[in-house]
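K.L.:
The structure that follows is given in the form of C-alpha cells.
Just so you know, all these numbers are worked out from the coordinates, no wet-lab data involved. Note that the coordinates shown come from a computational prediction; the quantities given were computed from them, not determined experimentally. Positions of Cβ are backbone-derived with ideal geometry, glycine not excepted, and every protein chain shown enters the neighbour counts.
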Amino acid sequence: MIFRRLQQGINLVEVMVTVAITSIGLLGLNSLQLQANRSTQDSGNRSQATWMLEDMTNRIRANNIALASYDTGGAAVSCANPPALICSAYNDGNARIQAAACTNDQLAASDLWEVACGFGSNVAGSSVTRSSATDFIANPALIVTVNADNNVNLNLSWDVRTGGQDADGNTIYAAIGDSTESKNAAGKSTYTTTDKIAVRRATYERDIKP
C-alpha cells in the first residue's frame, strides 16, 4: 500500500526564506532612498555655492576700483569678525536696516562678509531663519586671491553631508573604524575599535578678470 503525504500550507523553512529575501529587498530600497536624499542635498549645495560665486563675481566687477581690498590673504573670510559698516540695506528679521555710507574699500569688506557669512537675520519666534545662500550649506569658506595681473581667483569650499559631531565637538562626515586585536593569557582575542574621523569637503573655484 502506498501512502501519499500531501503538503499542507507553508513550512517554517519557506517562511524564513521569504522573510530573509523580503528583508534584503527592503534594505536595498532603504539604501537607495538614502543615496537619493544625499544626491538631492549635494545638488542643492552646489546650486547655492554657484549662486555665492556669481554674487561675489558681480560685486567685484561693480567695485573693481578697490580690487586689492577683496584679497583675503590666503585665508577664508572670518565670520567671527564682522566689518565696521554694512554697505547694503537688509532686513534683520524685525526691521529694515539702511545701508551705511561706505568708501570703496569698506564696500569690499562688506561684500566679502555679506557673501561668505550672510546678514545673520533672525525672525522672532522662528527656530531657523535663512536669509542668504550661505545659510543653506554647511560651513562655507570663501577665499579670494587677487594676482599681480589683477586676475581674481575665487575658492569656495563647504562640508558635504556632515554626519554630526565627534566627542571633541568637531563636525564629521564619517567615522571609519580601525580594529586592533589583543589576546589575554588564555589566548582569547578581544578587539578595540578606534575611530578615525574623515571630513569631506567640496570645492568650487572660479577665475575672473574684472
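K.L.:
Between N147 and D168, what's the calculated FRET efficiency when r is the beta-carbon distance and R0 is 25 Å? Round to 0.05.
P.N.:
0.10
K.L.:
Still on this structure, I have one more. For region 91-107, take each phi angle, set θ = phi - 60°, evaluate the Karplus expression 6.51 cos²θ - 1.76 cosθ + 1.60, and give the result in whole Hz per residue in order, putting x for glycine and proline.
P.N.:
10, 7, x, 10, 7, 7, 9, 6, 5, 7, 7, 10, 7, 5, 5, 5, 5
K.L.:
I need the phi-derived Karplus couplings for region 53-64: 6.51 cos²θ - 1.76 cosθ + 1.60, θ = phi - 60°, integer Hz, Gly and Pro marked x.
P.N.:
Taking θ as phi minus 60°, the curve returns 5, 5, 4, 5, 4, 5, 5, 5, 5, 6, 10, 5 Hz for region 53-64.
K.L.:
Along the Cα→Cβ direction, 7 angstrom out, place labels at N94 and W51. What is the inter-label distance in nm?
P.N.:
2.6
K.L.:
Under the rule of at least 5 residues apart or a separate chain, name every residue whose amide H is placed under 5 Å from the amide H of I86.
P.N.:
So I86 has HN proximity to A100.
K.L.:
Next question, about the same structure. Counting only residues 5 or more places away or on other chains, whose amide H sits under 5 Å from the amide H of A138 once H atoms are built in the peptide plane?
P.N.:
Amide H neighbours of A138, under 5 Å, 5+ apart: D159.
K.L.:
What list of ³J(HN,Hα) couplings, whole Hz, do you get for region 15-30 from phi and the Karplus terms 6.51, -1.76, 1.60, once you set θ to phi - 60° and write x for glycine and proline?
P.N.:
In residue order, the calculated couplings are 5, 5, 5, 4, 4, 5, 5, 5, 5, 4, x, 5, 5, x, 5, 5 Hz.
K.L.:
While we're looking at this one, here's another question. Over region 46-137, calculate the relative contact order: mean separation of alpha carbon pairs under 8 Å at least 6 apart, over the residue count, as a percent.
P.N.:
Relative contact order, region 46-137: 33 percent.
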